[in-house]
Amino acid sequence: MTRLAITFALLATLASSARAGGDVGVVVTGEGSMQPQLAAQIEAWLSQHGHTLVPSPLPPEAINALVDCFVVVSQPQGCARDIFEKNAKSSTMLYARLESRSTPTGARDVTLTAYWFDKGHDAVTEQRKTCERCTDQSLRTAADDLMKKLVGGGDVGHIKLSSNPPGARITIDGQAIGVTPLDWDMPPGKHTIQMDKAGLTPASRDIIVSSNKSDAVGMVLAPIAAPPPTSTDYPSQLPTWAPIGITAVGGAAIVTGIVLIAIDQDPAFNNHKTYRDTAPLGVGVAIGGVVVGGIGTYLLLRSFKTDSAPVAAFTGDTGYIGWLGRF
């Protein structure tokens, strides 16, 4: 049966100096194929427990010197602490070394040694834990248990984050942590959770996290409401028959004006003492009809929500003036 023995030797500062909320850098050396996985797991655990991660806490030359401390120096811890104190960009740092050995069955025995450096503190403690026939999940669980003893994060709360629809970005206290659905550990106290997704209205909620307690937080993200139509999107507030009536009145006035002009009598050609002088009135009525008819036509076009505008075109010997509209 495949057996994979993993021994963790965790050397750290006193738990009181490893409180959550501080800035911390993570350095992992050793087995190259396992470095990214272990670094990601440690960083995620620290982030979930309230620490602020500092990327690249040591320059490359300092990391090489740190490795040499545990290879060629008789007192590696003092050597490593000197390098940390002089070069680290963070106030605390977790340094993990990976050592791998193949077994006759083809499995690998892996030893992880981790050190917690805290500027100004010299005391360290040691924690050990063995994982037999480890799977990825059981190894993660073992490492998490040791990190709790090392860093003092055993009293956090747990929340299960979900949204409808899923896939919303999650921000806790202003820091983006991932997308829903997601399980997350948080230090006790009040926290603000926000979820947002493109095309949806963001949602926010304040929660109180309790130690060693699990809570579920779900939010519904509604579609963003369409803006109200502007006044130009509405037809005229007049009744629908009003533009037609106004246009008809204008047309009737034009016809009446034409009739009055037609029946006008010229006194020079009329032997009667009385005659019909209706031309001036006809001209006025016809002009008034044109104006009223134009107003009625404009209101009628507006009532149909048309897009129209006057147009004019001229060539060398011709010209055109009219009204272009879309009905």
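The values are calculated or read from the model by the stated rules, or taken from the named source; none is laboratory data. All values reported here derive from a predicted model rather than from experimental measurement. Glycine gets a Cβ as well: all are built from the backbone with ideal geometry, and neighbour counts include every protein chain shown. To get the accessible areas, we keep the full protein, side chains included, count just its heavy atoms, and leave off ligands, DNA and RNA. Shrake-Rupley method; radii C 1.70, N 1.55, O 1.52, S 1.80 Å.
Every condition in (1) surrounded by 16 or more Cβ atoms within 10 Å (Cβ to Cβ); (2) in contact with a Leu (Cβ under 7 Å, 6 or more places away or on another chain); (3) at pLDDT 75 or above holds for Leu53 except the one numbered (1). Here the condition is being outside any strand (DSSP E or B), open to solvent by 30 Å² or more (accessible area, probe 1.4 Å) and hydrophobic (A, V, I, L, M, F, W, C); of Ala80, Ala65, Ala39, it holds for Ala65 alone.
Of the strands (runs of 3 or more DSSP E) that lie entirely inside segment 176-248, those containing 2 or more residues that are open to solvent by less than 90 Å² (accessible area, probe 1.4 Å), of a type in the set (D, E, K, R) and at pLDDT below 90 span 182-186. Residues in segment 91-110 that are in contact with a helix residue (DSSP H, G or I) (Cβ under 9 Å, 6 or more places away or on another chain) and within 16 Å of Val24 (Cβ to Cβ): Thr92, Met93, Leu94, Tyr95, Ala96.
Restricting segment 116-130 to residues that are open to solvent by less than 60 Å² (accessible area, probe 1.4 Å) and at pLDDT 65 or above, which is nearest to Gly22 (Cα to Cα)? Filtering first and then ranking leaves Asp118.
When segment 163-175 is limited to residues that are exposed (fewer than 15 other Cβ atoms within 10 Å of the Cβ) and part of a strand (DSSP E or B), the one that is modelled with the lowest pLDDT turns out to be Gln175. Among the residues of segment 42-62, those that are free of Cβ contacts under 8 Å to residues at least 40 places away in the same chain, within 21 Å of Ile177 (Cβ to Cβ) and in a helix (DSSP H, G or I) comprise Glu43, Ala44.
Of everything listed in (1) touching a residue at least 12 places away in the same chain (Cβ under 8 Å); (2) more than 26 Å from Asp118 (Cα to Cα); (3) open to solvent by less than 70 Å² (accessible area, probe 1.4 Å), the single unmet condition for Met147 is (2). Of everything in segment 65-86, what is of a type in the set (Lys, Arg) and over 14 Å from Val27 (Cβ atoms)? Give them in sequence order. Once the filter is applied, which keeps residues that are of a type in the set (Lys, Arg) and over 14 Å from Val27 (Cβ atoms), segment 65-86 yields only Lys86. Within segment 88-103, can one find any residue that is outside any strand (DSSP E or B) and over 29 Å from Ala176 (Cβ atoms)? Looking through segment 88-103, at least one residue is outside any strand (DSSP E or B) and over 29 Å from Ala176 (Cβ atoms).
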